[in-house]
Amino acid sequence: MNRDTRRTRVLLALLLVTSISLITIDYRGGDNSPLDGVRSLAATVFGPVERVAAAIARPVGDAVDSVGSLGDGVDEAARLKARNQELTRRLRTSELDRNRARELDELLHLAGAGRYTVVPARVIAIGSAQTFSWTVTLDAGSRDGIRPDMTVLNGDGLVGRVKTVGPSTSTVLLAVDPESSVGVRLEASMEVGFTTGQGIRDGGDLDLRLLDGQSTVDRGDRLVTFGSQGDRPYVPGVPVGEVVSVNGTPGSQTRSAVVSPYVDFTSLDLVGVVVDPPRTDPRDAVLPPRPAATPVPTVTVTVTPSPKAGG
Amino acid sequence: MPSARVVLAVVLVTVALALQVTLMSRLPLPGATPDLLLLVVVALALAHGPGFGLVCGFAAGLGADLVPPADHEVGRWALVLTVVGFLAGSAHDQARRSAFVPLVVVAVAGAASVLLYAGLGALMDDPNVTWVGVRELLPTAVVYDVVLSAFVLPGVLTMARRVEPDQAAFA
């Protein structure tokens, strides 16, 4: 027993040291860590497993809300209740299909407006909240033409950028992640700045910093991506969100504001990866038309110059 | 020829890894994600003791560090789950006598995993780790893990007992 305990302790120490060494190597390596090879190997091997698991888990997740009490099936009432539930479930499923079709419609509409060439993909895996990072896995990879640092969007606007790519899967860093920084431009005023994620799963807002401290920013101002050099990682013109509050006073070093993103990051499903950027910056063309303002009556005063005044 | 318990552990950890990212994190719950992988490690450790528990924890953690969409330093979950596996395994003997012990072990493991992982992040200046985030995750993580353990622990322990009746004589 004593020897057993000692062996366990040695093993514990050994594995702890191994973990710490791995963390150190990966942390020091930064963007080109020697462990990236192992990572992509894991994506190659485990990607297909996740695709299968997602295919199985998706209906389960969808059914979570529609699961009620199942009748015991002995008496007629219970049988009819079960039948009713079955019909409700089918109705829900067709509703899910309709939702999916609508999402695809919206995605194609946005991609068309910005002339982005997109590869559609679905979210198959989401990182746990406990990892403190906001990443998802898509069911499309290098075989579908996806490369690192491509823009990811959906029918509502900017989702994030591709971080790592496996043969059949790819991992996206969402715009709400605190490590994600997106160059943005205010609609119309052309002021530029950048947003970083606040990272809180259910608040999900972005922090906006404008480069020019003198610039004016107001509640309700809308943002689109500014476009990165060479269109990587962000293509220009993708709607990002709307300013909900402004901090600080004009004239400070930088102006900051809080932006509510257009995309609901808690219910991502169908997204598009921009594989080919637009030839010209779509400017504000992708933003949805502003809701029609209530007409304000204007009074026009016409003054006819009289010969007296002129004389 | 790997022993039956190793085969069972490999299967359970692989299934848990896949379901953790495809199903558990998709559940519309506020705060933390119920940690199926953690529960599998705790259950295997309770069934077979600290030595087996810490090896399972290391392997499961390394898996969680590598499978997409993981985006943090490799080794962080490995370190956390090695510790969790060892500690849960140390309660192997007490857990035989009381049904209450496994629940306490799960609650402590849930809290410890969040704190250890966040602590490692803080050491590396991870901008994602904030005190607000930890405060939000901690209570929900413990509650979800304890609730989920009511389903996972008996299942895994029954399988462990069936695979090696004399080794895991755990009630």
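Below are the figures for this structure:
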item: Most to least packed among A:31-37, B:43-49 [average Cβ atoms within 10 Å]; result: B:43-49, A:31-37
item: Cβ-based charge dipole, the range A:125-276, positive-most Cα from A:Q229, A:G183, A:A140; result: A:Q229
item: Amide H within-cut-off set for A:V275, under 5 Å, with H built and near neighbours excluded; result: A:T117, A:V118, A:V119
item: Peptide A:45-56, shielding by other chains (average Cβ, 10 Å cutoff); result: 4
item: Amide H partners (placed H, <5 Å) of B:A32, local residues excluded; result: B:T140, B:A141
item: Between helix A:76-114 and chain A: long-axis angle, C-alpha atoms, 0 to 90°, nearest 10; result: 50 degrees
item: Whole-Hz couplings from phi, Karplus 6.51/-1.76/1.60, listed for the range B:29-41; x for Gly and Pro; result: 10, x, x, 6, 9, x, 9, 5, 4, 4, 5, 5, 4
item: Shielding score for B:83-96, defined as the mean number of other chain Cβ atoms within 10 Å; result: 1
item: Backbone HN-Hα couplings from phi across the range A:24-29 [Karplus 6.51/-1.76/1.60, Hz, Gly and Pro as x]; result: 4, 4, 5, 5, 5, x
item: Built amide H within the under 5 Å cut-off of A:V159, gap 5+; result: A:V152, A:L153, A:N154
item: Between 0 and 90°, nearest 10: helix B:100-123 axis offset from chain B longest Cα axis; result: 40 degrees
item: Centroid-to-centroid separation of the range A:255-285 and the range B:1-64 [C-alpha atoms, Å]; result: 36 Å
item: For the range A:170-180, Karplus couplings with θ = phi - 60° (6.51, -1.76, 1.60), whole Hz, Gly/Pro x; result: 9, 10, 10, 8, 6, 5, 7, 5, x, 7, 8
item: Spacing of the two label points (7 Å from each Cα toward its C-beta) at B:A150 and B:V7, in nm; result: 3.4 nm
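The numbers here are math on the coordinates, done by the rules we state, and not lab data. Everything numeric in this text was worked out from a predicted model, so none of it was measured. Here the Cβ is made from the backbone with ideal geometry for all residues, glycine too, and neighbour counts use every protein chain on show.
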